[in-house]
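Please treat every number below as a calculation from the coordinates, not as lab data. Remember, predicted model here, so these are calculated numbers, not experimental data. Glycine also receives a Cβ, built like all others from the backbone with ideal geometry; neighbour counts cover every protein chain displayed.
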Protein chains: 2
Amino acid sequence: MLKVYNQEELSPAAIEQLVLRNTDPNNAISDTVYSIIEDVKSSGDKALRAYASKFDQVDLEQVYLDKDDIEELASTISRDQQRALEIAFQNIHRFHSTQLKRERVTETMPGVKCWREARPIERVGLYIPGGSAVLPSTLLMLGVPARIAGCKEIVVCSPPQKSGKINGFVAYCLILLKIERIYLVGGAQAVAAMAFGTETVPKVDKIFGPGNQFVTKAKSIIQGQTNVSIDMPAGPSEVLVIADETANPAYVAADLLAQAEHGPDSQAVLVSTSAELITEVNLELNKQVGLLPRQEIASAALANSYAILTTDLRTAMEFSNQYAPEHLIIESDAWQSITSLILNAGSVFLGHLTPESAGDYASGTNHTLPTSGYAKSYSGVSVDSFIKKITFQQISPEGLQQIGSVVEILAELEGLHGHKNAVSIRKADL
Amino acid sequence: MLKVYNQEELSPAAIEQLVLRNTDPNNAISDTVYSIIEDVKSSGDKALRAYASKFDQVDLEQVYLDKDDIEELASTISRDQQRALEIAFQNIHRFHSTQLKRERVTETMPGVKCWREARPIERVGLYIPGGSAVLPSTLLMLGVPARIAGCKEIVVCSPPQKSGKINGFVAYCLILLKIERIYLVGGAQAVAAMAFGTETVPKVDKIFGPGNQFVTKAKSIIQGQTNVSIDMPAGPSEVLVIADETANPAYVAADLLAQAEHGPDSQAVLVSTSAELITEVNLELNKQVGLLPRQEIASAALANSYAILTTDLRTAMEFSNQYAPEHLIIESDAWQSITSLILNAGSVFLGHLTPESAGDYASGTNHTLPTSGYAKSYSGVSVDSFIKKITFQQISPEGLQQIGSVVEILAELEGLHGHKNAVSIRKADL
């Protein structure tokens, strides 16, 4: 059962409290993560093997698998499963391919040409979580845009299974992505290995991917310590559903539960214009949660969730924008009337037949999205995350005549005479 | 005089050493910055007034200036100066306007529509350094893309001058940008004020702008502590010039000095295919440096700089890509033949008549750029920095038929039955 609040009765301070997420749940593990990072930095592969033995209960002879192993593992999954991964791959590829665009040259003044060109980030590291859930979908969500961007080196780390291998689904995705090696490294040690490099794991320029609290903490530490960058800060997953009287309570409940089953710290928020719908959704939650294999996790997450009764879709959207959800589902016949009001969200699902799980796996959009209110200032992962846009300019003699004195005046008023001289010395020769 | 190395004689380890920048020169001031942040967080405006008194030697009655003050200050600058600022504003506006594009809807499968829409980051904070150099150009470089993005609230902080005011150039830029208030707050305290909000300074979602080591450290701390994000990590400014025998040594020297005058920790690197050119540039440096008001600073920076003799433009570019310079100038008749080889750089200046200072002020490109090797994974500031791209999807009954079983298979293989059910429950009603 979701706790229910009435939006009209909530003070601004109460709303602020409701939309607040725990921004640093991981501080307690900080010392552990620092020591893992130091260990990997100084002992390299030896440390990686020791952690595999300690955390993954497996003794690794070598810390990676190559093409032959990957192909053998991939052949163990069914044709239906291969086909489903292929379709997901194709849709993700189709949508992300539209994101890489050539830009035109702008002549800001006659003879002054400016433009941007995209360049791939050369070496990227993708962290694919293992453990309780194995996530081949995450490999597709990170690997496809990396391939489209043209990254030269794609380093993939994932914790080994007890067998010392990876599962067949991840292996099949590696084949789809034409990635011929995977490093059997999990947790904070994987992040450290990709940030500093070891004898076998290459150092990268940017690290991507979700993970448990150790992975998240390690990413935040290396971002401060090195010039390796990260995709975004990460927190527990979350959904906000806006639903009115036209919504199907069974669908709404199913969507909230799909979020809740991620982890006990997940949050599922319902904002509705209909008190009746909220009641019906709560009944459906009770009914559906019992059918889930992960019902304990889902129940814990629901205890941490709530519903808000609101007067109309516009005020519902106001709350949503304050919350800035990772996933926003609008289950209303009138969805088209409010999409322009969306200011802060990671990914948005419109109408009664667009469940979040479609986007989690296969529709084509990315599922690596900003959580914890970061949707106010971050976008989800896209091809943009794997490129830099470099600005270029080229000035002709006419252009220098046009712009020269402007630069001289501005350099002088900022007291930077060397800047001025770089123009004057050229102007004198024109 | 620049130290000269021969690229052929440098080991990979020696090159790694040469391209290394000091990634955390600010660690020593960490405690001071932490305590300033805590102070602003707990005491708000009172702390801001106390720091203005301590660091800026000015007693502020109120911590901001409004429209009337700004207009009065702006009226004190000459018409030529106003005109130069206007042209810079127009060029920056023209180039950055091309960066906001509407994207098309992609139908990844029949009935499965995916697209992205840009939304402005609602509240942005711009830090404009004061102190030894006053930088109205930085206000234009941050304010113009913020305006184009459509940010609702643009908070500007800059340290007060001894008069308790700001200078007229900054005031005139505020008018061009239609920003009606400026907060008289500098240093780490400005970053803290925008990150947490005070009685008068609004809290923002993202903080932009260069600054001294206190500002830089404060940005890095609040990035880890809050969910306020920052434009990019910052370090000392730098240029790398690639020049061959077609280059004019006086121009090359002027460009190196324009960089060197920024600060004693700036770096100016020359990579040349011509030993003769390097010699001539060194002679020119000696000649030109004496003419600069900031010659002491420039000399200190040159002592920290070097030249590399290389065999051809291709190997020159290899070194440049390893260095990943904030600014890259290519002074060669053959610039067109090597631009495609550029992998890592912030902003690139092509040909003999394109000095960096054109881009610093007025050509239209942004001058807020990644330093310290961050050009390997970061782009400079652009309109992209002030928006989020939100993904949307909408699925029709036909679309759900198409994609439904794919999602079901993938959810099942990841063990997420709630995800599967969100599709199955809808498919059953089709």
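Going 7 Å from Cα along the Cα-Cβ axis for the label, what nanometre distances separate B:THR200 from the same residue across the other copies?
The answer, with the shortest distance listed first, is 6.1 nm.
What average count of beta carbons from other chains do you get within 10 Å of the Cβ of residues in A:227-237? All intermediate terms of the calculation are to be shown ahead of the outcome.
Working: counts 16, 4, 7, 1, 0, 1, 4, 0, 1, 0, 0.
Per residue, the number of nearby Cβ atoms from other chains is 3 on average.
Taking the alpha-carbon distance from A:LYS287 and a cut-off under 22 Å, which lysines remain once sequence neighbours fewer than 8 residues away in the same chain are dropped?
Cα-Cα hits under 22 Å: A:LYS3, B:LYS420, B:LYS427.
Using Cβ contacts closer than 10 Å as the measure, can you line up B:GLU8, B:GLU398, B:GLU280, B:GLU261 from fewest to most?
Going from sparsest to densest Cβ surroundings: B:GLU8, B:GLU398, B:GLU280, B:GLU261.
Check cross-link reach from B:LYS203 to the lysines: straight Cα distance under 25 Å, and skip same-chain residues fewer than eight apart.
A:LYS376, B:LYS41, B:LYS46, B:LYS54, B:LYS67, B:LYS152, B:LYS165, B:LYS178, B:LYS217, B:LYS219, B:LYS388, B:LYS389
Aspartates and glutamates within cross-link reach of B:LYS206: Cα-Cα under 15 Å, excluding same-chain residues under 8 positions apart?
Straight-distance partners of B:LYS206: B:GLU122, B:GLU153, B:ASP231, B:ASP384.
In nm to one decimal, list the spacings between the B:THR339 label point and its equivalents in the other copies, with label points set 7 Å along Cα to Cβ, shortest first.
Counterpart label points of B:THR339 in the remaining copies fall at 3.7 nm.
Output ³J(HN,Hα) for segment A:358-372: one whole-Hz value per residue in order, computed from phi by the Karplus curve 6.51 cos²θ - 1.76 cosθ + 1.60 with θ = phi - 60°, and x for Gly and Pro.
4, x, 4, 10, 9, 6, x, 6, 8, 9, 8, 10, x, 10, 6
Order of B:147-153, A:61-67 by packing, highest average Cβ count within 10 Å first? It would help to have the intermediate numbers written out before the result.
Working: B:147-153: 17.7, A:61-67: 14.9.
Descending mean neighbour count gives B:147-153, A:61-67.
Expressed as a whole number of Å, what is the distance separating the alpha-carbon centroids of segment A:294-355 and segment B:14-83?
So the separation of the two Cα centres works out to 39 Å.
With θ taken as phi - 60° and the coefficients 6.51, -1.76 and 1.60, list the Karplus ³J(HN,Hα) couplings across segment B:203-208 in order, rounded to whole Hz; mark glycine and proline as x.
6, 10, 9, 8, 10, 10
Per residue of segment A:256-262, in order, report the coupling 6.51 cos²θ - 1.76 cosθ + 1.60 (Karplus, θ = phi - 60°) as ³J(HN,Hα) in whole Hz, putting x for Gly and Pro.
The phi angles translate into 5, 5, 4, 6, 4, 6, 4 Hz.
What FRET efficiency, computed as 1/(1 + (r/R0)^6) with R0 = 60 Å and r the Cβ-Cβ distance, is obtained for A:ARG102 and A:ALA275, rounded to the nearest 0.05? Walk me through the numbers before you get to the answer.
Numbers: r = 52 Å, r/R0 = 0.87.
So, using R0 = 60 Å, E works out to roughly 0.70.
In chain B, what residue has the beta-carbon at the shortest distance from the axis of the rotation relating B to A, and what is that distance in angstrom, rounded to the whole number?
Checking which Cβ lies nearest the axis yields B:GLY224, 3.
Using only the C-alpha atoms of chain B, find the volume of their convex hull and express it per residue in Å³.
On the way: hull volume 83.8 nm³, N = 430.
That works out to 195 Å³ per residue.
Would you kindly state how much longer the chain becomes between A:SER35 and A:ASP69 on full extension, computed as 0.36 nm times their sequence separation minus their alpha carbon distance, in nm to one decimal?
Here the segment from A:SER35 to A:ASP69 would lengthen by 9.0 nm.
For B:ARG181, go 7 angstrom from Cα along the Cα-to-Cβ vector, then report the distances to that same point in the other copies in nm, smallest first.
Values, ascending and in nm: 5.6.
Students often get this wrong: which residues of segment B:140-162 have the backbone nitrogen under 19 Å from the point 7 angstrom along Cα-to-C-beta of B:LYS178?
B:140-156
Across the residues of A:253-260, average count of Cβ atoms on other protein chains within 10 Å?
Details: counts 3, 9, 6, 2, 5, 9, 3, 1.
Shielding by partners across A:253-260 averages 5.
Can you work out the FRET efficiency for the pair A:TYR306 and B:GLU153, with r the C-beta to C-beta distance and R0 = 25 Å, to the nearest 0.05?
Details: r = 28 Å, r/R0 = 1.14.
After rounding, the FRET efficiency stands at 0.30.
Putting +1 on Lys and Arg Cβ atoms and -1 on Asp and Glu Cβ atoms, find which of B:MET232, A:VAL348, A:MET1 reaches farthest to the positive end of the dipole of the protein assembly as shown.
A:VAL348
Kindly provide the helix-only [θ] at 222 nm of chain B, computed as the sum of -39,500 (n - 2.57) over DSSP H runs of four or more divided by all residues, to the nearest 500 deg cm²/dmol? The partial results should precede the final answer.
Details: 16 runs with 187 residues, N = 430.
Per the formula, -13500 deg cm²/dmol.
Hey, what's the Cα Rg ratio for segment A:247-307 versus the globular rule of thumb, 2.2 N^0.38 Å? Please report the intermediate quantities before stating the final value.
Numbers: Rg = 10.5 Å, N = 61, 2.2 N^0.38 = 10.5 Å.
Working it through for segment A:247-307, the quotient is 1.00.
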